[in-house]
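Comments concern the structure below.
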Amino acid sequence: MQFEKTDFEGLLVIAPKVFEDERGHFFESFNKDEFIKNGLAVEFLQDNQSLSQKNVLRGLHFQIPPFSQAKLIRVIKGSVLDIAVDIRKTSKTYGKYFKLVLSEQNKTMIYLPVGFAHGFLTLEDNTIFSYKCTNFYHKDSEFSLRWNDKDFNINWGIDYPILSDKDQQAQNFNQFNSPF
């Protein structure tokens with residue numbers, strides 16, 4: 001596995017070593033020892049997976065302390081535009097976003113530390129999205145920020161994505177008091 005640092009402290013892009021032949025391919029999607037070697041002594045407690053059609057936008061989601069979560073994010077099938085917004089008040093990248101296309105072809109993963117809001121837009125039908133979490137889901141600790149908030153100015157490449165009711169009611173960033 002190759003771990004690449006980004007301009008966002010703690011946010012890493014991970015490229016697995018892929019072994020391919022005429023039968024298909026194999027790669028490790030998680031290896032605890034590799035994470036520890038790269039300074040990530042994390043314990044994942046829950047795995048989540050979603051199936052979405054093209055133009056579904058999920059996010060920008062996060063959980064507040066003490067139920068906040070770090071995540072290891074990847075796409076199993078299809079592709080997404082993945083967005084992470086830094087909501088850590090003391091960070092030099094506070095209020096800024098990181099974006100990357102994740103797909104079954106590139107097999108790239110993102111390690112997202114605690115203190116980021118996360119969302120993704122599916123770019124293909126039948127996209128399967130998967131992520132490991134360092135904490136359990138806790139409904140009362142779950143929050144959302146608006147996907148199209150003008151303070152973020154994220155270019156999602158779409159004006160009218162398919163949204164859940166929850167995401168349509170998400171909070172504006174300028175009204176949000178970050179606990180991170």
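The values are calculated or read from the model by the stated rules, or taken from the named source; none is laboratory data. If you're wondering where the values come from, they're calculated on a predicted model, not measured in any experiment. Positions of Cβ are backbone-derived with ideal geometry, glycine not excepted, and every protein chain shown enters the neighbour counts. Ligands, DNA and RNA are excluded from the accessible area calculation, which covers all protein heavy atoms including side chains. Shrake-Rupley method; radii C 1.70, N 1.55, O 1.52, S 1.80 Å.
Applying the Karplus relation 6.51 cos²θ - 1.76 cosθ + 1.60 with θ = phi - 60° to segment 29-38 yields 3J(HN,Hα) values of 8, 7, 9, 4, 4, 5, 5, 4, 4, 9 Hz, where x marks Gly and Pro. Computed from label points 7 Å out along Cα-Cβ, the spacing between N177 and K5 is 3.4 nm. Taking only protein heavy atoms and a 1.4 Å probe, the accessible area of segment 1-111 is 48% carbon and sulfur.
Which shape class, rounded, prolate or oblate, goes with segment 98-180 when its Cα gyration tensor gives a ≥ b ≥ c as root eigenvalues, a/c under 1.5 marks rounded, and past that a/b bigger than b/c marks prolate? Note, shape of segment 98-180 comes out oblate. When all protein chains stay in place and ligands, DNA and RNA are ignored, the 1.4 Å accessible-area order of E22, E4, largest first, is E22, E4. Listed by chain and number, the aspartates and glutamates whose C-alpha is less than 13 Å from the C-alpha of K96, apart from same-chain residues fewer than 8 away, are D7, E9, D86, D149, D151.
Stokes-Einstein diffusion for the chain at 10 °C, viscosity 1.306 mPa s, with a Kirkwood radius from C-alpha pairs, works out to 95 µm²/s. 3J(HN,Hα) couplings calculated from phi for segment 135-144 with the Karplus curve 6.51 cos²θ - 1.76 cosθ + 1.60 (θ = phi - 60°) are, in sequence order, 8, 7, 5, 9, 3, 6, 9, 8, 9, 9 Hz; Gly and Pro show x. Taking every protein chain into account, the accessible area of segment 9-78 amounts to 59 square angstrom per residue (probe 1.4 Å).
Extending 7 Å from the Cα toward the beta-carbon at both E142 and Q49 defines two label points whose distance is 1.9 nm. Solvent-accessible area per residue in segment 113-180 equals 55 Å², computed with a 1.4 angstrom probe and all protein chains kept. Here K54 is the anchor, and the aspartates and glutamates within straight C-alpha reach of less than 19 Å, apart from those fewer than 8 places off in the same chain, are D82, E104, E124, D125, D159, D165, D167. Helical content of the chain, expressed as a calculated mean residue ellipticity at 222 nm, amounts to -1000 deg cm²/dmol (DSSP H runs of 4 or more residues, -39,500 (n - 2.57) each, divided by residue number, nearest 500). Backbone phi angles across segment 125-130, fed through the Karplus curve with coefficients 6.51, -1.76 and 1.60 (θ = phi - 60°), yield HN-Hα couplings of 5, 6, 7, 10, 10, 9 Hz in residue order; Gly and Pro are listed as x.
Here is the list for segment 110-158: trypsin sites (Lys or Arg not before Pro) lying in DSSP coil, each with at most 11 other C-beta atoms within 10 angstrom of its C-beta, are K150.
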